[in-house]
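In what follows, a single structure is set out as structure tokens and then discussed.
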């Protein structure tokens, strides 16, 4: 299998975080959207100091005040800001300019084939796109979408794939061979409870993806 990265999102339990970061994953995500059951804003500042440097840290925000995004990025030493709302290209540009060294993952809810012309407006300000199932929850729904709609995606921006990702993706070689697929973003399908992951299941999944 090609070099697909693994991101585990929605972490908020310190012991679960420590167990997860012992695995061969590439990204860990913290949700800073207060309406989410996985809200991580109350984690201690030093939690990210225990995370190995090879695991990149992403903070998830939804139409948040840029000043607060900057505050959380500095507090938790984030490498990426993941934007799940209606943030404009100008908003993304402002975050890049105001948070030194930060990279942007811009998420889009998918229910129809993505509009490449619309996405082009973000191509210069987002390092990655993230395609998730369109819901009012802004992610973490565990609901899948028809990955075939991504066949027409032709931009050069690599993307994360989210939306009900679990072991069944291993039986979908067409999706796994999408040219710009960079990472699989897993969350609720691997949970024992909101924000608490089944570490052994993730370990098995990672082993199969990274064969």
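Numbers for the structure displayed
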| read-out | value |
| --- | --- |
| Cβ pairs under 8 Å, 6+ apart, first in the range 113-128 and without any contact (Cβ under 8 Å) to a residue 60 or more places away in the chain and on the phi < 0 side of the Ramachandran plot, second loosely packed, with under 12 Cβ neighbours inside 10 Å and assigned to a loop (DSSP other than H, G, I, E, B) | 116/154; 123/156 |
| The range 29-48, subset crowded, with 22+ Cβ neighbours inside 10 Å and without any contact (Cβ under 8 Å) to a residue 60 or more places away in the chain, residue nearest to the chain's Cα centre (by Cα) | 30 |
| Neighbours by Cβ (under 7 Å, 6+ apart or cross-chain): first from the range 74-97, surrounded by fewer than 18 Cβ atoms within 10 Å (Cβ to Cβ); second at pLDDT below 95 | 75/45; 77/48; 85/138 |
| Test: residue in the range 51-70 that is within 14 Å of the chain's Cα centre (by Cα) and over 18 Å from residue 107 (Cβ atoms) | yes |
| Checklist (1) loosely packed, with under 12 Cβ neighbours inside 10 Å; (2) within 20 Å of residue 183 (Cβ to Cβ) applied to residue 105, failing item | (1) |
| Residues that are under 24 Å from residue 84 (Cβ atoms) and exposed (fewer than 14 other Cβ atoms within 10 Å of the Cβ), drawn from the range 162-171 | 168 |
| Single condition residue 192 does not satisfy, out of (1) under 26 Å from residue 36 (Cα atoms); (2) without any contact (Cβ under 8 Å) to a residue 24 or more places away in the chain; (3) outside any strand (DSSP E or B) | (3) |
| Residue match in the range 134-145 (condition: surrounded by fewer than 17 Cβ atoms within 10 Å (Cβ to Cβ) and assigned to a helix (DSSP H, G or I)) | no |
| Among residues of the range 56-73, those that are more than 13 Å from residue 102 (Cβ to Cβ), buried (at least 19 other Cβ atoms within 10 Å of the Cβ) and in contact with a helix residue (DSSP H, G or I) (Cβ under 9 Å, 6 or more places away or on another chain), counted | 1 |
| Residue in the range 171-182 that is in contact with a helix residue (DSSP H, G or I) (Cβ under 7 Å, 6 or more places away or on another chain) and either modelled with pLDDT of 95 or more or within 21 Å of residue 35 (Cβ to Cβ) (or both) present | no |
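The values are calculated or read from the model by the stated rules, or taken from the named source; none is laboratory data. Keep in mind it's a predicted model, so treat the numbers as computed, not measured. Backbone-built Cβ (ideal geometry, glycine too); neighbour counts: all protein chains shown.
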